[in-house]
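The values are calculated or read from the model by the stated rules, or taken from the named source; none is laboratory data. In this text, all values refer to a predicted model and were calculated from it rather than measured experimentally. Positions of Cβ are generated from backbone atoms using ideal geometry, with glycine treated the same way; all protein chains shown enter the neighbour counts. Areas reflect the complete protein model, heavy atoms only, side chains present, ligands, DNA and RNA absent. Shrake-Rupley method; radii C 1.70, N 1.55, O 1.52, S 1.80 Å.
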Amino acid sequence: MTSPSGGGTRRRRPIAVPLILMLLAAGLGATAALGGLSAAPDDPPRRLGPGATVDQGRFLTTFVAARTVRRPDEDGLRDRRFLEVELEVVNRGDETTQVGRPGEGGHSFARGLLAMTPPIPSGDGPDVTVADGGVPSRQLHPDMAAAVVLRYEIPEGQPSPETVRYDVGAFERRERSAAAEDFWVLERDGRTQDAPAKVTAQVTLPVQRGEGT
């Protein structure tokens, strides 16, 4: 008997890879090249204006206004120009804390004001006070709204700014041992203490011009 024509094993047809699988493979390759899914950038800081309230973790801060003023020096011989920034701050921690100054170490309130643009060089930084019943103070008591004023001296010959912008950070609570109290630290853009502080919000205030400023 003769074998059927075309005898022997049949040739396998090539299996076509669906287009969707090719696209998925290409997408995964691109993701790996860019550092993986975990490398997606964080949300940018919120951009806010006058009257905005920023949740800074330990503090709830409202950016009220900015203005330029003239005030006499200690001898009363000449007037000096200042930029005053008014805030309303609620200390939501359990203990009284100091207002401090921007750029200082520690866990004071003003450390959460990471940068101001344009910068105004004024020695050790602005004078930061709390109007506590009309008596200047440097303390923020728990669960009490306080009027905080940052006062920067504007150097002679330097024009007054039209606007100022603050980069604002936030504090997070860290646990100590059972025998020690919790503490607050600035949120960071990375996991190490050397990482820069995370900018939670950027608040821009128009500067109200006082007479002669």
Exercise. For the stretch 70-90, how many residues are closer than 17 Å to P136 by Cα and touching a residue at least 40 places away in the same chain (Cβ under 8 Å)?
Worked result: 7
Seminar exercise, completed: Picking from A147, A131, the residue that is at pLDDT below 95 and part of a strand (DSSP E or B) would be A131
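Kindly indicate the residue of the stretch 67-81 that is in contact with an Asp or Glu (Cβ under 9 Å, 6 or more places away or on another chain) and not charged (D, E, K, R) and also most open to solvent (accessible area, probe 1.4 Å) among those meeting that condition. Steps first, please.
Step one: list which residues in the stretch 67-81 are in contact with an Asp or Glu (Cβ under 9 Å, 6 or more places away or on another chain), which gives 67-73, 79-81.
Still in the running and not charged (D, E, K, R): 68-69, 72.
Working: T68: 3, V69: 27, P72: 84 Å².
Among them, the one singled out is P72.
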Problem set entry | the stretch 130-149, subset free of Cβ contacts under 8 Å to residues at least 24 places away in the same chain and hydrophobic (A, V, I, L, M, F, W, C), residue farthest from P102 (Cα to Cα) | V135
For this session: Go through the stretch 82-128 residue by residue and tally those that are open to solvent by 40 Å² or more (accessible area, probe 1.4 Å) and in a helix (DSSP H, G or I).
Result: 1
Exercise. Scanning for something surrounded by fewer than 18 Cβ atoms within 10 Å (Cβ to Cβ), in contact with a helix residue (DSSP H, G or I) (Cβ under 8 Å, 6 or more places away or on another chain) and not polar (S, T, N, Q), does the stretch 148-155 turn up at least one residue?
Worked result: no
Seminar exercise, completed: Sole miss for E104 among (1) among the charged types (D, E, K, R); (2) under 30 Å from G210 (Cα atoms); (3) at pLDDT 90 or above is condition (3)
Problem set entry | R191 being out of contact with any Cys (no Cβ under 6 Å at 6 or more places or on another chain), at pLDDT 85 or above, open to solvent by 70 Å² or more (accessible area, probe 1.4 Å) and among the basic types (K, R) | no
Exercise. How many residues, within the stretch 47-66, are open to solvent by less than 30 Å² (accessible area, probe 1.4 Å) and among the aliphatic types (A, V, I, L, M)?
Worked result: 4
Problem set entry | In the stretch 182-201, residue farthest from D167 (Cα to Cα) [restricted to those that are touching a strand residue (DSSP E or B) at 6+ places or on another chain (Cβ under 8 Å) and assigned to a loop (DSSP other than H, G, I, E, B)] | D182
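Working only within the stretch 150-170, note down all residues that are assigned to a strand (DSSP E or B), within 17 Å of R67 (Cβ to Cβ) and aliphatic (A, V, I, L, M). Give the derivation first.
Here is the first cut: in the stretch 150-170, the ones assigned to a strand (DSSP E or B) are 150-153, 163-168.
Going one step further and asking which of them are within 17 Å of R67 (Cβ to Cβ), we end up with 150-153, 163-166.
Once the filter is applied, which keeps residues that are assigned to a strand (DSSP E or B), within 17 Å of R67 (Cβ to Cβ) and aliphatic (A, V, I, L, M), the stretch 150-170 yields L150, V164.
Take the residues of the stretch 202-213 that are part of a loop (DSSP other than H, G, I, E, B) and open to solvent by 30 Å² or more (accessible area, probe 1.4 Å): which is modelled with the lowest pLDDT?
G212
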